[in-house]
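One structure below.
Derivation of every value follows stated rules applied to the coordinates shown; laboratory data play no part. On a predicted model such as this, the values are computed, not experimentally measured, just so you know. Note that each Cβ is placed from the backbone with ideal geometry, even for glycine, and that neighbours are counted across all protein chains shown.
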Amino acid sequence: MSEQQKTPALFDVSGTTGRERHDLSASQLMLGSSGSCAIVLSNVPPRAAVVEQNANGCRVAALVSGVVSVDGAAIDAGAEKAVDVGSTIEIGSHKLRLVAASEVLSFRPDVQVRRADLEEARAAKRSGLIVGAAMALTVAGFFLFLKDDKAAADKQRRAEIKKAQQSEAVIEALIARGDELFLHGKYAGVCSGDNCAAPETCASAEECFQRVVGIQASDAYAVGRLKEIQAISGSDNPETNQLRNEQIRQLLSRADRLYGNGAWTKPPEANARDLYLQVLTLDPQNEVARTRIEEIRARGADDAESVATLLANAQDFILKDAYVSPPGANAFELLQKVLAIEPENEKALAAVFDMAAYSLYQGNVARRVADSSAMTRWYDTAAVLGVDPAYLKPLREGAELMRESKSTTIIVSGPPLEPSEKSKKNAAGYLHAADLERRVKQFELESKSSSGSVPSRRFIEVPQG
């Protein structure tokens, strides 16, 4: 009999570990996704379970909850369960069945249970029965010895499980603390107090990740972070220092430009605050970035209130037909301020679109009654609000003739319609003509249903009171 066949084994019945048989040659085997585990399993926690094999049989202990089960019975973290030959241990999507020495499994679909088809396996079973009978005849003192030995082994196993769980908790706490210090630019330093054992006492990101490596040398995340810190800390190198200063200069230039345009916190990853934070990761003491972040934080508290006020005032100007003029007192300027704070503000975007469509509607009304002055004014307003000049061109063609003839019978060609899209603007940045046409028709229907009165211009819902 070969050496590996003298020990029980876990047989992979799910075909997910890359091997069929895992011999229990050691007293304890760790199972999980970590590369340091004896049996590496994918898509499970780094250290999910411990399987122990001794003279008293095989047991499995779960290190996390909701992942490990034996024959369908779940095991909570810290608990353990005896595993008999033929039982199946499930860890995530992996299934491992315990087989005795020299036993094999059938993978034929019509055979669902294990089978011992080797003579050596049957001999081992007979030998086990003989040994069991002999043990049953042993004196009471020997039984007491075995009982004490089992109690000691159980105690040691529980202690080791507890230690593994505590190590996991310490590693998680150290990584969280290290990431926090790294984000704030505290890369190097060592705790110098009397009590430096707890994770929160780490003085720097480097110290945190070095402690992690001290507990688990193969922790890839901690090793990677240490390499980053080493690269950043190489500021003594003149070339590295010059490169970093140039990067800071470029980040500050972009951040200042966004700050001046009002893009303080939005859109994500393209706003002033995020860029200033990037500066602080390179230069934690940068006064410009620190000051700007404080200013943005102070302004952020008033964003919601200022947006609501701007929208309410914009609606007042809409009701006065002050869409784009006079300067400093019109709806369009206020809505542009809203969009500088919140670029995706739906109320502001919809209001600009409705004003453009209403301007087209009023321009068409003026055209039908040959009022060239009003027609030109409303079409000019539509152009300012984002209507494509190419769309407006044929609408404007009759204005000069109207002024000369004062006739209402002049026919002008209609503008071509564009295909509608969900976006309010087309590829050229103008509002979609087809969507505008539909909105203009809605205004016409509202006017007819109300006996020719002006359609509602309450484009923005403003809370009352």
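Per-structure values
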quantity: Anisotropy class of the range 169-232 from Cα gyration tensor, a/c 1.5 cut; calculated: oblate
quantity: Rg/Rg_globular for the range 15-84, with Rg_globular taken as 2.2 N^0.38 Å and Rg from C-alpha atoms; calculated: 1.05
quantity: Greater than 27 Å apart at Cα, pairs in Lys393/Lys441; Lys162/Lys227; Lys227/Lys266; Lys266/Lys320; calculated: Lys162/Lys227; Lys227/Lys266; Lys266/Lys320
quantity: Magnitude of the charge dipole, the range 239-385, Cβ model with Lys/Arg +1 and Asp/Glu -1, debye to 20; calculated: 280 debye
quantity: Linear extension gain, Gln230 paired with Lys441, 0.36 nm per residue minus alpha-carbon span; calculated: 69.4 nm
